[in-house]
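Trainee: I'd like to ask some things about the structure below.
The values are calculated or read from the model by the stated rules, or taken from the named source; none is laboratory data. Keep in mind that what you see is a predicted model, and the values were worked out from it rather than measured. To get the accessible areas, we keep the full protein, side chains included, count just its heavy atoms, and leave off ligands, DNA and RNA. Shrake-Rupley method; radii C 1.70, N 1.55, O 1.52, S 1.80 Å.
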Amino acid sequence: MNDYQDGSELADVVEGEETGLDDEAERKRRAKLERRERNVRLAFKSAFNPHNVTVIIASSVVFYLALAWLFISPMIEAFWPW
């Protein structure tokens, strides 16, 4: 995602390093970087919710057991010794 129309992006600057900007511009730059970082974290968090992973695993196990019973139960009935 580009921050400016010319395609340039904000550069990450190490803490304590001089950027050559005045205080107001530096504060705006840091706020913009913090917003971008927060948005990335929120997007990642919403994409990989632990509850969703648990539901996917549980539904996969139930589906596997249902398929196993579907294919194994006729064999059990066919070869049961009574």
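Trainee: I'd like the accessible area for I76: 1.4 Å probe, protein heavy atoms, all chains in place, Å² to the nearest 10.
Mentor: 70
Trainee: Order the following by accessible area, largest value first: L67, L33, L42. Probe radius 1.4 Å; ligands, DNA and RNA are ignored.
Mentor: If we order L67, L33, L42 from most to least accessible, we get L42, L67, L33.
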